[in-house]
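Every number here is computed from the coordinates shown, using simple stated rules; none is lab data. The structure displayed is predicted, hence computed values, not measured ones. Here the Cβ positions follow ideal geometry from the backbone for every residue, glycine too, while neighbour counts run over all protein chains shown.
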Amino acid sequence: MIALVDSLACPMSPTELLVRPYRAVQSLGREMRLSYLPPLMVYLAAGVSGLTAIVGTFFVKDYLGLSAEFLAALGFWAGLPWALKMPLGHLVDLIWRWKGWLVMAGASLIAASLAIMIGLLADPDAMRSVMSAGAWYVLSALLAPVGFVMQDVVADAMTVEAVPRVDEHGDPIGEDARRSMHTTMQTLGRVAIIGGSVLVALANVFLLRDAHLLPEAQKIDVYVRVHVYALVIPAVSVAGVVLASWLRRRDARRLRAQGVSADEIRRRLAVHVERPPVNLWVLGGGLAFALLSLGVGIGDVPAAQEIVFVASMAIIVTLMVRLTRDLSPAARETLLGTALVIFVFRALPTAGAGQTWWMIDELGFDQQFLSVLAVIGSVLTLAGLFVFRRFMAERSIYYIVGVLTVVATLLSLPIVGMFYGLHEWTAAHTGGVV
C-alpha cells in the first residue's frame, strides 16, 4: 500500500510533467510511418464514436421514457459482442486477404444504427408505425457495438500488416527494430482512440452550446445534426481500408519498377505466408456463445444475464485450458493470473446512466457543460498516456491495476460527496465559490 501511495504521489517536477509528454509526442512523430495510417484511421473512428453519446443521453431520458435500470440491462447485452473478439480475431487470420470486407460490414452496421436514431429524431411517427420507439432504440444500441467489434479486430490485424518485415532493399528488419515498431504502432493506436474522444468532446462543446435554452423543435434539430455528422465515423474507417489497399498496390508497383519478380513482391508484402490452421475450439466456442446469448435473449428466459455469464465463463475457461496446455508452467501461471486480475478489474460495477441522469436532474448540468467535462476527461486521459508511459512500461500489470483501483476510488469520492450534499456545504462556507 505504501508503494501505491508513493506512485500516486508522482515525484515528478512540474517541468518534467510538461516536458515528458512533449518528448513522447516528438518521439512518436519521428517514428510515424505512412503505413501506420490505415489502422490509425479505424482506431480514430472508434474514438469519435462518442459524438452522439451526450445527445443520446438527453434523447433517451426526455423522449423515450426508458429507465436507467433498463439501460443498464441493455448495456449488458450491448457489451456481449466484445466477448467474441478472440474467435473473430481467429476468423480474421483465416480470411486475411478479405479482412477489409469485415470493416465494410462493420461500417454498414454503424451507419444503420445512426440511421435509426436519425429516423427516431426526425420522423418519430413514421418509425413508430413500424415498431415502438423503444424497440428501435434497442436495435440501434445493439447494432453499433457489433459493428465496432468487427472493425476493432480488423484494426488489430492491420497493425501487424502496417509494420514492415523487410526494408527497401528486401533485407529482413531485425527483431528488436520490429518490436519497437509494434510498440510505437500500439501506442499510436491508443493515441488515435483517445484523440478521437478529445475531438468529439470539443465538437460537442460547439454543437451543443446553449442547447438547453432552445425550444424543443430546435433542440431536436440540433440532435439530428449531431447524428448526421456522426456518419463520418463509418466513412473514416472505410477510408482507412481503402488507403491500406492503395498503399499495398503502390508498393507493388514500386517493386515491379525495380525489376523485382512477382513471387518476391508477394514475399515482401505478405504478412501471412500461409493460412494458419483452423482452431475449431475457438470458432466453435465463439459460435456456441453467440447462439446461446441470442437464444436466451430473444426467448426472454428468466435470469438470462446470469445464464449467459455462467455459460460464457465456462466456454472461456475451457478455451483457456486448451490454449495454455502447451505452455510452460511459469508462462501458464502468468497468463492465468493476468487474466484473473483483468477480469476482476473490468467486472467492477459502474454507476451507469443513473449517475449522468442524477447530474442532469439534481446538479442541473446541461448538454454543453457535460461536453466540457468530456473534454477535460479526454485531455487528462491523453496526457496521462504520455506522462505515465514509462510507469506502465516498467511496472507489472498487477501493480498498474492496483494503482488504477486506488486512483479510481479517490476520483469517485467527490461524486459520492455531492450525492450527500458536499457541494451545498462547500458553497455555504465559500460564498458559492466552490
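Structure summary
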{"quantity": "Gyration tensor verdict on region 39-182 (Cα atoms; rounded if a/c is under 1.5, prolate if a/b is larger than b/c, oblate otherwise)", "calculated": "prolate"}
{"quantity": "Per-residue Cβ neighbour rank within 10 angstrom, fewest leading, Ile397, Ile376, Ile233", "calculated": "Ile376, Ile397, Ile233"}
{"quantity": "About the Cα centre, charge dipole magnitude for region 257-361 (Lys/Arg +1, Asp/Glu -1 at Cβ), debye", "calculated": "400 debye"}
{"quantity": "Extreme residue, positive dipole direction of the chain, given options Val375, Pro39, Leu294 (C-beta unit charges)", "calculated": "Pro39"}
{"quantity": "Straight-distance crosslink candidates among lysines, where the alpha carbon sits under 27 Å from Lys219 and sequence neighbours closer than 8 are dropped", "calculated": "Lys61"}
{"quantity": "Gap separating the Cα centres of region 178-212 and region 332-390, nearest whole Å", "calculated": "15 Å"}
{"quantity": "Nearest-ten-degree value, helix 37-47 long axis tilted from longest Cα axis of the chain", "calculated": "20 degrees"}
{"quantity": "Three-way shape label, region 299-417, alpha-carbon gyration tensor, a/c 1.5", "calculated": "oblate"}
{"quantity": "Pair Asp263, Ile342: separation of 7 Å Cα→Cβ label points (nm)", "calculated": "4.0 nm"}
{"quantity": "Charge dipole (debye, nearest 20) of the chain; +1 at Cβ of Lys and Arg, -1 at Cβ of Asp and Glu", "calculated": "1580 debye"}
{"quantity": "Highest-first arrangement of 44-54, 335-345, 383-393, where packing means the average Cβ count within 10 Å", "calculated": "44-54, 383-393, 335-345"}
{"quantity": "Rounded to 10°, Cα long-axis angle of helix 68-79 versus longest principal axis of the chain", "calculated": "0 degrees"}
{"quantity": "Cα-based shape type of region 204-293, given that a ≥ b ≥ c are square roots of the gyration tensor eigenvalues and the cut on a/c is 1.5", "calculated": "oblate"}
{"quantity": "Size of electric dipole in region 34-186: Cβ of Lys, Arg +1 and of Asp, Glu -1, about Cα centre, debye, nearest 20", "calculated": "300 debye"}
{"quantity": "For the chain, average projected area of the Cα convex hull in nm²", "calculated": "26.0 nm²"}
{"quantity": "Residue (of Val308, Ile400, Ile360) at the positive-pole extreme of region 292-434, dipole from beta-carbon charges", "calculated": "Ile400"}
{"quantity": "Cα centroid separation, region 85-142 to region 395-410 (Å)", "calculated": "35 Å"}
{"quantity": "Cβ crowding within 10 Å averaged over residues, with 234-242, 304-312 ranked highest first", "calculated": "234-242, 304-312"}
{"quantity": "All lysines inside 17 Å of Lys85 as judged from Cα atoms, apart from same-chain residues fewer than 8 positions distant", "calculated": "Lys99"}
